[in-house]
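These notes are about the structure you will find just below.
The values are calculated or read from the model by the stated rules, or taken from the named source; none is laboratory data. The structure displayed is predicted, hence computed values, not measured ones. Here the Cβ is made from the backbone with ideal geometry for all residues, glycine too, and neighbour counts use every protein chain on show. Quick note on the areas: whole protein, heavy atoms, side chains included, nothing else; ligands and nucleic acids left out. Shrake-Rupley method; radii C 1.70, N 1.55, O 1.52, S 1.80 Å.
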Amino acid sequence: MKHLAIIPGDGIGKDVTDVGMEMIDVISEMSAFDYDAELFGIGSERYLRTGELITEEEFDDLGKKDAIYFGAIGDPRVRPGVLEQGILLNMRARFDQYINLRPVTSWHPFVPLKKHFDFDICFLRENTEDFYMGAGGVMKNGRNANVNIKRKLYDLSVDIVPSSSSGDEFAFELGLLSKKGVERFAEYAFMTADKRNEKKVTLVDKANVCTSIYGMQREIFSKKAEEYGMGLEYMYVDAMAMAMIVRPDTFGTVAVPNLFGDILTDLGAQLQGGLGMGASGNINPGGVSMFEPIHGSAPDIAGQNKANPIAAVLAAKMMLDHLGYEDMGTLLQNAVRKCLDGGKYTKDLGGGLGTKEMGAEIKNALRGMK
Ligand code: NAD
Ligand code: IPM
Ligand code: MN
């Protein structure tokens, strides 16, 4: 019996996780997969009502689950960052989900490229460090700013010395990588490439500008490549953005630091047909992992039965894989494929279905696969 936590969150988060959970339900009817689910009312509504983001009690409860299924977070009524940092990034950090696994697969005919490419890229986005540590501040009137990093592997205070005494104000945000953080990231990347029977890992960075952090990262990855007897290909992130469009079929396992990974995987989602197709897993190999679509709360279409639920369904597939039910995960992915092949999809892909109708179609396809 697997214990799942469900956090629909905000906006279309609820629309799409409802559909994803229906699929999990059907899977449990069809197979040996057995589960219970606890619903968590974490999100903007509660925050606006009570000021609570995630309580310690909720962290304790979530920490006892086998997996977390998450929708999306974000609300135009709340200042940017409050919910994103206080809920989503907080969970990724607290549960030390240091790998954000984001597959980019050629879901034909929705690949918006002129030339036909078949690709199956496994993006591994580092998920706890880089510019996501919350290490920033605003310096006013020439006074030193004190940065205290709370969400990470260690605490650190940094004094920023003003370059002039003019009293200029400035804001800053630090990107930090720890040796330990890069080590485990590199290990996971080569292990993944090895499992996928690939000969190389592609490491994306900006080592020509941010020389300290990405220089160290290159050293560690290159040692790991030797250890594994595998190839290591370096790509600057700007060139990578271009290469994803002109030769996506040449990439397998791609390791990318947190911020660049955020950006490149939205591009990756678009290569699959749009944000409604991109799924992800926030992985802690020895702890609690969390599965979610990569899109946000999409306030423009929330609650209107317009959201494409496939990203959330594919996130449920990744959760099944992670829990050891790969056969059921594959079945669910095949059910999605069958719907797409049959011309059944939502408006963002050029089809005519609403969220619920799409869910019903996938469910039918799934049942028909037994
Ligand atoms: P978004 O992903 O919510 O939406 C971008 C565009 O894509 C919108 O036009 C939206 O309608 C469309 N879209 C997204 N998902 C779709 C789907 N499943 N089907 C059809 N169309 C879809 O990004 P945004 O507008 O930049 O952000 C909105 C809020 O979500 C912000 O508060 C942001 O911080 C937050 N956000 C949260 C997450 C997350 O929870 N993981 C991810 C990204 C953004
Ligand atoms: C994502 C989102 C988050 C991120 C935001 C909402 C904090 O964009 O999951 O890709 O930047 O990681
Ligand atoms: Mn993102």
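Please return the ranges of helices (runs of 4 or more DSSP H) entirely within segment 1-90 where 1 or more residues are touching a Pro at 6+ places or on another chain (Cβ under 8 Å).
Result: 12-30.
If the Cβ limit is 6 Å and pairs must be 6+ apart or interchain, which residue in segment 256-277 that is more than 9 Å from ligand 2 (Cβ to nearest atom) pairs with which residue that is open to solvent by 40 Å² or more (accessible area, probe 1.4 Å)?
Note: pairs meeting the criteria are 269/275; 274/348; 276/348.
Tally the residues that are touching a helix residue (DSSP H, G or I) at 6+ places or on another chain (Cβ under 7 Å), of a type outside the set (Gly, Ala, Ser) and within 16 Å of ligand 3 (Cβ to nearest atom), restricting the search to segment 22-74.
Count: 1.
Would you mind finding the one in 314, 323 that is closer than 28 Å to residue 115 by Cβ, of a type outside the set (Gly, Ala, Ser) and away from ligand 3 (no atom under 12 Å from the Cβ)?
Just one listed residue meets the conditions, 314.
Which of the residues that make up segment 75-98 are in contact with a Phe, Trp or Tyr (Cβ under 7 Å, 6 or more places away or on another chain), within 16 Å of ligand 3 (Cβ to nearest atom) and open to solvent by less than 20 Å² (accessible area, probe 1.4 Å)?
Once the filter is applied, which keeps residues that are in contact with a Phe, Trp or Tyr (Cβ under 7 Å, 6 or more places away or on another chain), within 16 Å of ligand 3 (Cβ to nearest atom) and open to solvent by less than 20 Å² (accessible area, probe 1.4 Å), segment 75-98 yields only 83.
Quick one: which residue in 276, 268, 329 is assigned to a helix (DSSP H, G or I), closer than 22 Å to residue 117 by Cα and in contact with an Asp or Glu (Cβ under 6 Å, 6 or more places away or on another chain)?
Sole residue among the options that is assigned to a helix (DSSP H, G or I), closer than 22 Å to residue 117 by Cα and in contact with an Asp or Glu (Cβ under 6 Å, 6 or more places away or on another chain): 276.
Could you please let me know if residue 289 is in contact with a strand residue (DSSP E or B) (Cβ under 9 Å, 6 or more places away or on another chain), of a type in the set (Ser, Thr, Tyr) and within 12 Å of ligand 3 (Cβ to nearest atom)?
no
Please enumerate the residues belonging to segment 343-370 that are within 16 Å of residue 273 (Cα to Cα) and open to solvent by 50 Å² or more (accessible area, probe 1.4 Å).
Of everything in segment 343-370, those that are within 16 Å of residue 273 (Cα to Cα) and open to solvent by 50 Å² or more (accessible area, probe 1.4 Å) turn out to be 344, 347, 348, 350, 352.
Any residue at all in segment 68-88 that's without any contact (Cβ under 8 Å) to a residue 60 or more places away in the chain, aromatic (Phe, Trp, Tyr) and under 26 Å from residue 359 (Cβ atoms)?
no
From the set of residues in segment 299-317 that are surrounded by fewer than 24 Cβ atoms within 10 Å (Cβ to Cβ) and touching a residue at least 24 places away in the same chain (Cβ under 8 Å), which is farthest from ligand 2 (Cβ to nearest atom)?
Looking only at segment 299-317, we keep the residues that are surrounded by fewer than 24 Cβ atoms within 10 Å (Cβ to Cβ), and these are 299-306.
In the following step, the residues that additionally are touching a residue at least 24 places away in the same chain (Cβ under 8 Å) were identified as 299, 301-303, 305-306.
Numbers: 299: 13, 301: 17, 302: 15, 303: 19, 305: 23, 306: 20 Å.
Residue satisfying both the conditions and the ranking: 305.
Condition check: under 25 Å from residue 35 (Cβ atoms), touching a residue at least 60 places away in the same chain (Cβ under 8 Å) and among the β-branched types (Val, Ile, Thr). Does residue 336 satisfy that?
For residue 336, the condition - under 25 Å from residue 35 (Cβ atoms), touching a residue at least 60 places away in the same chain (Cβ under 8 Å) and among the β-branched types (Val, Ile, Thr) - is not met.
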